1. On the basis of being within 23 Å of Q2 (Cβ to Cβ), surrounded by 11 or more Cβ atoms within 10 Å (Cβ to Cβ) and either modelled with pLDDT of 85 or more or under 19 Å from the mean Cα position of the chain (by Cα) (or both), does V23 make the cut?
2. Give me the pairs: first residue in region 48-63 and assigned to a loop (DSSP other than H, G, I, E, B), second residue surrounded by fewer than 13 Cβ atoms within 10 Å (Cβ to Cβ), beta-carbon distance under 9 Å, and six or more apart or on different chains, which are they?
3. Taking region 39-63 as the search range and keeping residues that are modelled with pLDDT under 80 and charged (D, E, K, R), which one is nearest to V7 (Cα to Cα)?
4. If the Cβ limit is 7 Å and pairs must be 6+ apart or interchain, which residue in region 23-39 that is free of Cβ contacts under 8 Å to residues at least 12 places away in the same chain pairs with which residue that is of a type outside the set (D, E) and part of a helix (DSSP H, G or I)?
5. Quick check on A20: is it in a helix (DSSP H, G or I), free of Cβ contacts under 8 Å to residues at least 60 places away in the same chain and in contact with a Ser or Thr (Cβ under 9 Å, 6 or more places away or on another chain)?
Amino acid sequence: MQFKHLVGAGIVAGLGLTVALFVAGQAYTDPVAQGAAKMGALFSGFVFIAAYFYGKLAGLRKD
């Protein structure tokens, strides 16, 4: 494993979508705060785009 692979894995690990949605649903009782927290978790899904382009620029490929 090279450093570029570690960085790519770190970017993907930053997504954390499923856990963030669960925690937002359990932690907030106010519907407005719960909605804002869930939207923030969903917007973190755009991390996939950053990870994809990083993979292309770093030359990562499936072996």
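The values are calculated or read from the model by the stated rules, or taken from the named source; none is laboratory data. None of these values were measured; they are calculated from a predicted model. Here the Cβ positions follow ideal geometry from the backbone for every residue, glycine too, while neighbour counts run over all protein chains shown.
1. Working: within 23 Å of Q2 (Cβ to Cβ): no; surrounded by 11 or more Cβ atoms within 10 Å (Cβ to Cβ): yes; either modelled with pLDDT of 85 or more or under 19 Å from the mean Cα position of the chain (by Cα) (or both): yes.
Considered against the rule, which asks whether it is within 23 Å of Q2 (Cβ to Cβ), surrounded by 11 or more Cβ atoms within 10 Å (Cβ to Cβ) and either modelled with pLDDT of 85 or more or under 19 Å from the mean Cα position of the chain (by Cα) (or both), V23 comes out as no.
2. Once the first residue is assigned to a loop (DSSP other than H, G, I, E, B) and sits in region 48-63, its partners that are surrounded by fewer than 13 Cβ atoms within 10 Å (Cβ to Cβ) give L60/H5.
3. Looking only at region 39-63, we keep the residues that are modelled with pLDDT under 80, and these are 40-45, 61-63.
Imposing the further condition that a residue be charged (D, E, K, R) reduces the set to 61-63.
Details: R61: 14, K62: 16, D63: 18 Å.
Only one residue fits best here, namely R61.
4. Once the first residue is free of Cβ contacts under 8 Å to residues at least 12 places away in the same chain and sits in region 23-39, its partners that are of a type outside the set (D, E) and part of a helix (DSSP H, G or I) give Y28/Q34; Y28/A37; Q34/A24; Q34/G25.
5. Numbers: in a helix (DSSP H, G or I): yes; free of Cβ contacts under 8 Å to residues at least 60 places away in the same chain: yes; in contact with a Ser or Thr (Cβ under 9 Å, 6 or more places away or on another chain): yes.
Judged against the criteria, A20 is a match.
Listed here are the residues, each with its yes/no results for (1) exposed (fewer than 13 other Cβ atoms within 10 Å of the Cβ); (2) within 15 Å of the chain's Cα centre (by Cα).
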{"position": "K4", "(1), (2)": "no, no"}
{"position": "V7", "(1), (2)": "no, yes"}
{"position": "V32", "(1), (2)": "yes, no"}
{"position": "G35", "(1), (2)": "yes, no"}
{"position": "A50", "(1), (2)": "no, yes"}
{"position": "L57", "(1), (2)": "yes, no"}
